[in-house]
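Notes to accompany the following structure.
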Amino acid sequence: MPTSKKNCPVPSNQQPLNEYLELKKSFLFAWSTYNFKSYIYTVFTIFLFLFISLGLIFIFLYIKWINIYKILLLDFIFIDIIFFFIFFRLYLGWSYVIKRLLSSTIFYEESGWYDGQLWIKTADSLTRDRLVGFYQILPFLNRTKYTCIIFCINFILDYSLYYLL
């Protein structure tokens, strides 16, 4: 449920806490907020779906020209690229919201891009926003960052192994 302060001139959809709640409800960002076991299960399920579907496409297209090991490595390389872009998008979204939550000022637009304003948060809203940022969003941001790094390292290993074969 979105929050709105009467003394806050920022429109409801541009308030950082409401942006966080909306982001948390969206499909792509929701599964990054799961507990660790559900998060790993979701990532593994998406990996398995991509592995099977891309693998079938690559086998159908390249079975006559390259061996099965290179096709599997090519499958892993493409999966790593897809996951990198997914987790990079997650990282950018969470980092935007946490930056707005931790900031003591909020830039907002009243009716369009041409009339932006700057609002200085009150002490209560700043404290609330920083607590939400540090204790609720920062773990999601770190988890997303480390998962993205893992897929980058995996991409480098798969790519180098592909050219060794």
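The values are calculated or read from the model by the stated rules, or taken from the named source; none is laboratory data. All figures in this text were calculated on a predicted structure; none of them were measured in a lab. Counting neighbours? That spans all protein chains shown, and the Cβs are built from the backbone with ideal geometry, glycine included.
Assorted remarks:
- Lys64 over 26 Å from Pro139 (Cβ atoms) and of a type in the set (Lys, Arg): yes
- Per the conditions (1) more than 14 Å from the chain's Cα centre (by Cα); (2) not in a strand (DSSP E or B), the sole criterion not satisfied by Gln117 is (2).
- Meets criteria (crowded, with 18+ Cβ neighbours inside 10 Å, of a type in the set (Ser, Thr, Tyr) and modelled with pLDDT of 95 or more) for Tyr135: no
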